[in-house]
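Before any comments, here is the structure.
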Amino acid sequence: MSVVIVTGAAGLIGSEAVEFFADKFDQVIGIDNNYREVLFGADASVEWNRMRLENQVTNYKHYATDIRNYEGLEKIFQEYSSDIKMIVHTAAQPSHDWAAKEPLTDFTINANGTLNLLELTRQYAEKAVFIFTSTNKVYGDNPNKLPLVELDTRWEVAEDHMYFEKGIPETMSLDDTKHSLFGASKVAADVLAQEYGKYFGMNVGVFRGGCLTGPKHSGTQLHGFLSYLMKCAITGDHYTVFGYKGKQVRDNIHSWDLVNMFWHFYQNPMQGEAYNAGGSRHSNCSMQEGIALCEKITGKKMNYTYSEDNRIGDHMWWISDISKFRSHYPDWEYKYNLEDILVQIHDSMSNRV
């Protein structure tokens with residue numbers, strides 16, 4: 001029997017992974033205790049997604065185990081140890097605003113939780129492939145030190161800069177920068193994952209996501225850019241744009257495209273490699289451009305205001321250079337662009353709000 005374990009299984013990337021891998025493995029084990037509701041409130045609950053998975057994915061089994069609970073996780077790994085082929089670790093505390101309120105909770109989820117899973121994989125499934133979903137926030141605010149040019153609707157890196165054509169590569173420094181406490185806890189987990197791959201020779205891939213998005217996202221103000229933006233566009237709820245004149249740029253990758261990256265990595269794994277994984281030049285927008293596209297799709301003007309105060313450690317411009325991943329896995333391609341993503345979010349959310 002072949003088993004894949006997915007943490008954060010009822011979240012955006014986790015649930016996409018459950019469905020994607022359901023016909024590729026005999027058993028899909030999901031771990032998710034709906035802590036997102038504790039972090040961000042009832043609107044962020046993923047219970048609807050857990051129930052959907054349990055109803056629709058016949059070979060799915062769910063465990064409401066906290067990833068900080070080593071003994072609870074160990075029971076799962078012990079039960080399936082001889083059959084575990086892949087671990088997809090997507091569970092996290094994902095907000096830098098929230099992390100500053102409870103640094104201990106943030107660090108124990110993001111860093112200690114990841115260490116628990118890496119060590120259990122080493123003990124019970126050493127030859128399995130371990131996927132860690134990291135974040136571009138490991139680079140802190142170093143991207144803001146780039147030579148940026150103000151255009152009509154966005155910030156853009158200067159055309160003569162080496163990052164202009166493809167975006168920011170993995171060689172950007174993680175040092176001498178303000179990460180936010182969330183970014184710091186993810187740096188710890190990111191480096192741990194790389195080290196388990198390189199030191200112990202384990203099959204570990206680290207994917208530093210841009211804006212991860214898609215129709216299964218339970219977006220809130222503190223986390224879930226496009227999802228929350230579209231939710232406000234549909235409902236008329238107030239939206240606040242924080243700083244940078246609303247011209248800050250994000251690249252956005254559909255959850256299916258990211259999970260497909262995981263699948264390509266699984267078929268030819270590396271030991272402790274880190275990859276930037278975002279929408280790149282293929283799929284990106286500024287806040288202003290995202291609002292305009294939401295208004296176009298919904299046919300309604302958005303109810304939003306602007307605040308001069310940007311979020312601490314926030315990026316003015318982020319576009320991922322995915323050249324490294326493409327060089328290792330040349331058969332991988334994007335399936336969805338920015339408008340595809342927003343239309344899917346709109347159609348899915350219209351049935352939920």
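Database remark: amide H of Val249 closer than 5 angstrom to the amide H of Trp155, Trp317, Trp318 (H placed geometrically; neighbours at sequence offset of 5 or more, or on other chains; Pro and chain starts carry no H). Given the alternatives (i) 19.2, 57; (ii) 50.7, 172; (iii) 20.3, 70, Rg and Dmax of the Cα atoms in Å as computed for this entry is given by (i). Listing Arg50, Arg311 from fewest to most neighbouring C-beta atoms within 10 Å gives Arg311, Arg50.
Over the stretch 3-350, what relative contact order in percent results from Cα pairs under 8 Å that are six or more residues apart? Before the final figure, lay out each step's value.
Details: 750 pairs, mean separation 66.8, N = 348.
That works out to 19 percent.
Each peptide in 145-158, 18-31 gets a packing score, the mean of other Cβ atoms within 10 Å over its residues, and the list from highest to lowest is 18-31, 145-158. Ellipsoid fit via the Cα gyration tensor, the stretch 256-301: semi-axes of 34, 12, 6 Å, each the root of five times an eigenvalue, largest first. What separates the Cα centres of the stretch 152-189 and the stretch 1-34 is a distance of 30 Å. Taking a Cβ cut-off of under 12 Å around Ala99, the surrounding Lys, Arg, Asp and Glu residues balance to a net charge of +1, with basic ones at +1 and acidic ones at -1. Using a cut-off of 31 Å between Cα atoms, the listed pairs Lys101/Lys301; Lys216/Lys300; Lys178/Lys198; Lys24/Lys101 include Lys101/Lys301; Lys24/Lys101 as exceeding that distance. Each part gets one Cα centre, and for the stretch 67-142 versus the stretch 277-296 those centres are 30 Å apart.
Pairs of Cα atoms nearer than 8 Å and 6+ residues apart set the relative contact order; for the stretch 33-74 it is 31 percent.
Looking at the stretch 277-353, the GluC sites (Glu not before Pro) that sit in a DSSP loop and have at most 14 other Cβ atoms within 10 Å of their own Cβ are Glu308, Glu333.
Which value in deg cm²/dmol, rounded to the nearest 500, describes the helix-derived mean residue ellipticity at 222 nm for the chain, given -39,500 (n - 2.57) per DSSP H run of n ≥ 4 and division by the residue count? That calculation yields -11000 deg cm²/dmol at 222 nm.
Just so you know, all these numbers are worked out from the coordinates, no wet-lab data involved. Keep in mind it's a predicted model, so treat the numbers as computed, not measured. All Cβ positions, glycine included, derive from the backbone under ideal geometry; neighbour counts span all protein chains shown.
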